[in-house]
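The values are calculated or read from the model by the stated rules, or taken from the named source; none is laboratory data. Please read these numbers as outputs of a predicted model, since none were measured by experiment. All Cβ positions, even for glycine, are placed from backbone atoms using ideal geometry, and neighbour counts span all protein chains on display.
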Amino acid sequence: MKNNIPGWTIYIDEISNGVFKVTLTDSFGRKAEVLDDASDSTIDKAKDYAFDIERQISKAWNKFLFDFCVINIGDTNILTKRYDENVFGSWFVEVLDKRFVYDGKEFVLTKQIMEKGVWVDKQEIKNADLTYSKFINLLNL
């Protein structure tokens, strides 16, 4: 099972026939758990919980989002990436025809597409609405 949430470890235990406990634990011992069948949606639900915990308590949320983006895109696909602590933790990650920009002052994640040599905003998610599932969907669209 690939863990794609920085700073969290995932464990999956079958606690009875067909019932699994999916647990994500961070380095501070905080846990996000779901009991259900062994489906991808169960695992994603636990990841959503862990992501939400991180959003609520992280002192380095912007860096977490940057690391999350890099892990989920994969370093081999990234053309350019930059995290800037001096600009409110703003960052961007660029691949061939799209880039993801996080405005650390306004707390908005924007997906941009290259059209006729110009970056054009295609979708944005405000910090309050950002979840694991929405971020993954944004990366894959």
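Taking the criterion of being more than 20 Å from Phe64 (Cβ to Cβ), loosely packed, with under 12 Cβ neighbours inside 10 Å and either under 14 Å from the mean Cα position of the chain (by Cα) or of a type in the set (Lys, Arg) (or both), the only residue of the stretch 104-141 that qualifies is Lys116. Within the stretch 1-28, if we keep just the residues that are more than 18 Å from Asp52 (Cβ to Cβ), among the hydrophobic types (A, V, I, L, M, F, W, C) and loosely packed, with under 12 Cβ neighbours inside 10 Å, the residue that is modelled with the highest pLDDT turns out to be Ile15.
Regarding Phe20, is this residue within 28 Å of Thr80 (Cα to Cα) and free of Cβ contacts under 8 Å to residues at least 60 places away in the same chain?
no
Looking only at residues in the stretch 93-103 that are farther than 15 Å from Tyr83 by Cβ and not basic (Lys, Arg), the one that is surrounded by the most Cβ atoms within 10 Å (Cβ to Cβ) is Val95. Note on the stretch 29-44: among residues that are under 14 Å from Trp8 (Cβ atoms) and either touching a helix residue (DSSP H, G or I) at 6+ places or on another chain (Cβ under 9 Å) or small (Gly, Ala, Ser) (or both), the one that is surrounded by the fewest Cβ atoms within 10 Å (Cβ to Cβ) is Gly29.
The residue that is farthest from Phe135 (Cα to Cα), counting only those in the stretch 57-71 that are of a type outside the set (A, V, I, L, M, F, W, C) and at pLDDT below 95, is Lys59.
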